[in-house]
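Q: Have a look at the structure that comes next, please.
Every number in this text was worked out from the coordinates using simple rules, so none of it is lab data. In this text the structure is predicted, and so the values were computed from the model without any measurement. Using ideal geometry, Cβ is built from the backbone for each residue, glycine included, and neighbour counts are taken over all protein chains shown.
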Amino acid sequence: MSDLFIGLAGTGLLFVLILCGAPIMLALFSIGFGGILLMSGWIPSISLLGTIIYPVVSAFHFSAIPMFLLMGFFAIRAGIGDDLFEACSKWFGRLPGGLALASTGATAAFGAASGSSVGTATLFTKLAMPEMVQRGYDRGFAAASIAIAGTLAVLIPPSALIVVYGILTNAAIGKLLIAGIIPGAIFAVLLAATVLTISLISPEKAPANDSVYTLKEKLWSLRMIGPLVLVITIMLGGLYGGVFTPTESGAVGAFSTFIMALIRCNIREIKLGQCLTETVVLTAMIFAIIIGGLIFARFLALSGVSSFIQDILVNGTLSVWMVVTIVTLVYLLIGMLMDAPSLLAISLPITHPVMMSLGFDPIWFGVYVIILAEIGAVTPPIGLNCFVVKGAAGNLVKLEEIFKGLVPFIFTAFIMLALLLAFPNIALWLPGKM
């Protein structure tokens, strides 16, 4: 058998294993290592493992992932999400779809303290969903607005998923994190505009809120948001100015949110041991997927599959925009079947070299891929965020209602992708000024 045949057969077998429900990390590792073993033999294969695994688990800047995750857990314990939703409800509550707008705004702000779309969607489902249902909101619309807004957490820094992209592509993690700021803000505005438009066209989906708050009450609601804004400003400002590395920025955020949690509650309520345990478990899972993805990427490179696909897409008769369309469709289709870290681990070994050959910027492509991955997080049949919202909402909403309510928000996500394609500086301007 030729190396190319082994590579293509291994790629096909990988998707068979995934569709059969095999763990992503195990599928990536077994196919990647098995293929390298067939092509190179035992000694080179074992030696290769050491050159891949050790640099990942020992590199200092990769420790940004557990720092960002720990920051998110402390932010939840500190009640920051509650404060944000309360403040946004008082400021935006009387607008059409006010509670959904408040949820979107609070989710965008909380994303800067969390970095986890699943955690953010869970939290705001518990906070906002019961109140929206009580006020007569359409259940599918309410749940969908929370599910899609939760995806902002992995676009707006700090974001563990952006760090995963940086590891898999060897891109500058600091610039990647800064690159997500403007696209994240624009996407949040587009989602809020979608909520407002739906509420104006179909008022029955979002009945008006009769609650009236004085300016004093509105200003008082901002009392606990100020420290969070200060922490995020210091984190991103230090990262942008070169004062902090991504890991140091995450450490500052984790320590600051821990202090905020201590101010709000005692050490027992924070459940420090549980926060640390959950951080370790999630970090181990993410790193296992990264290691599996890197081994699989090396297998594709050695077998010639990466070069074979690159020749077809880059050196063939296809135009640049046809290739971009193909890459986009691949992410949308595969993203429906798996979580975002797994999607990046499987796809980037193929798509990243292709896009770089076409002259696209790796920082821009990182932002583009993150948005694509998060569209997959809200589309069936997997739609992880949708299942998370359903689980947190219980009997308040049906899963099919969530998927139905997401249709206009998916179109909004495509508008965001189109803006990135038309105006790449949306993602590149800030990193370019670092």
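Q: Taking each pair of distinct Cα atoms in the range 230-343 once, what is the resulting Kirkwood hydrodynamic radius in Å?
A: Numbers: mean 1/r = 0.0541 Å⁻¹.
One decimal place: 18.5 Å for the Kirkwood radius.
Q: Alpha carbon centre of the range 293-345 versus the range 33-112: separation in Å?
A: Cα centroid of the range 293-345 versus Cα centroid of the range 33-112: 23 Å apart.
Q: Please compute the modelled spin-label separation between LEU222 and CYS265, points set 7 Å along Cα→Cβ, answer in nm with one decimal.
A: Roughly 2.7 nm, to one decimal.
Q: Which of MET322, MET336, MET71 has the fewest other C-beta atoms within 10 Å, and how do the rest follow up to the most? Kindly include the intermediate steps, with their values, before the conclusion.
A: Values: MET322 12, MET336 17, MET71 30.
Sorted ascending by nearby Cβ count, the order is MET322, MET336, MET71.
Q: Looking at the range 1-107, which trypsin sites (Lys or Arg not before Pro) are DSSP coil and have at most 12 other C-beta atoms within 10 Å of their C-beta? The partial results should precede the final answer.
A: Working: sites: ARG77, LYS90, ARG94; in loops: ARG94.
Within the range 1-107, no trypsin sites (Lys or Arg not before Pro) qualify (loop, at most 12 other Cβ atoms within 10 Å).
Q: What is the local net charge at VAL397, summed over the other residues whose Cβ is closer than 15 Å to its Cβ (Lys, Arg +1; Asp, Glu -1)? Before the final figure, lay out the partial values.
A: On the way: positive: LYS126, ARG135, ARG139, LYS205, LYS390, LYS398, LYS404; negative: GLU131, ASP138, GLU400, GLU401.
With Lys, Arg at +1 and Asp, Glu at -1, the neighbours total +3.
Q: Another question, if that's okay. Taking a 23 Å limit on the Cα-Cα distance, which of the listed pairs LYS271/LYS390; LYS90/LYS205; LYS216/LYS271; LYS126/LYS404 fall beyond it? Write out the running numbers ahead of the final one.
A: Numbers: LYS271/LYS390 26 Å; LYS90/LYS205 20 Å; LYS216/LYS271 34 Å; LYS126/LYS404 20 Å.
As for pairs spanning more than 23 Å Cα to Cα, those are LYS271/LYS390; LYS216/LYS271.
Q: Okay, moving on. Determine the gain in length on full extension of the stretch PHE255-VAL280; use 0.36 nm per residue of separation and subtract their C-alpha separation, reporting nm with one decimal. The partial results should precede the final answer.
A: Details: separation 25, 0.36 × 25 = 9.00 nm, distance 1.66 nm.
Net length gain for the segment: 7.3 nm.
Q: Something else: Of THR283, THR233, THR107, how do they rank once you tally other Cβ atoms within 10 Å and put the fewest first? Please list the in-between numbers first.
A: Details: THR283 19, THR233 11, THR107 32.
Neighbour counts put them in this order, fewest first: THR233, THR283, THR107.
Q: How many nm separate the modelled label positions at THR214 and ILE53, each set 7 Å beyond the Cα in the direction of the Cβ?
A: Between THR214 and ILE53, the label points sit 6.5 nm apart.
Q: Let me ask something additional. Neighbour counts of other C-beta atoms within 10 Å: give me ILE146, ILE18, ILE80, ILE290 arranged from fewest to most.
A: Details: ILE146 32, ILE18 18, ILE80 28, ILE290 25.
Arranged by neighbour count, lowest to highest, ILE146, ILE18, ILE80, ILE290 become ILE18, ILE290, ILE80, ILE146.
Q: Expected output is a single nm value to one decimal: the length gained when fully extending between LYS398 and LEU272, i.e. 0.36 nm times separation in residues minus the C-alpha distance. What is it?
A: Numbers: separation 126, 0.36 × 126 = 45.36 nm, distance 3.44 nm.
Gain on stretching LYS398 to LEU272: 41.9 nm.
Q: Beta carbons within 10 angstrom, averaged per residue: use that to sort the peptides 187-198, 49-60, 270-281, 392-403, highest first. Could the numbers behind the result be given before it?
A: Numbers: 187-198: 20.9, 49-60: 12.1, 270-281: 14.5, 392-403: 17.5.
By packing density, highest mean first, the sequence is 187-198, 392-403, 270-281, 49-60.
Q: When you count, for each residue, the other Cβ atoms within 10 Å and take the mean per peptide, how do 359-366, 31-38 rank with the highest first? Before the final figure, lay out the partial values.
A: Values: 359-366: 19.6, 31-38: 21.4.
The most tightly packed comes first, giving 31-38, 359-366.
Q: Still on this structure, I have one more. Using the Cβ atoms and a cut-off under 12 Å, what net charge is assigned to the surroundings of TYR240, where Lys and Arg are +1 and Asp and Glu are -1? Mind showing how you got there, number by number?
A: Details: positive: LYS175, LYS433; negative: none.
Local net charge: +2.
Q: Which lysines, if any, have their Cα less than 28 Å from the Cα of LYS433, not counting same-chain residues under 8 positions apart?
A: LYS175
Q: In addition: Mind listing the phi-derived Karplus ³J(HN,Hα) values for the range 359-373, rounded to whole Hz, using 6.51, -1.76 and 1.60 with θ = phi - 60°, and x for any glycine or proline?
A: 3J(HN,Hα) across the range 359-373, in whole Hz: x, 6, 6, x, 5, 4, 5, x, 5, 4, 5, 4, 5, 4, 4.
Q: Still on this structure, I have one more. Add -39500 (n - 2.57) for each DSSP H run of 4 or more in the chain, then divide by its residues: what number comes out at 222 nm, to the nearest 500 deg cm²/dmol? Mind dumping the intermediate values first?
A: Details: 24 runs with 340 residues, N = 434.
Counting only the DSSP helices, I get -25500 deg cm²/dmol.
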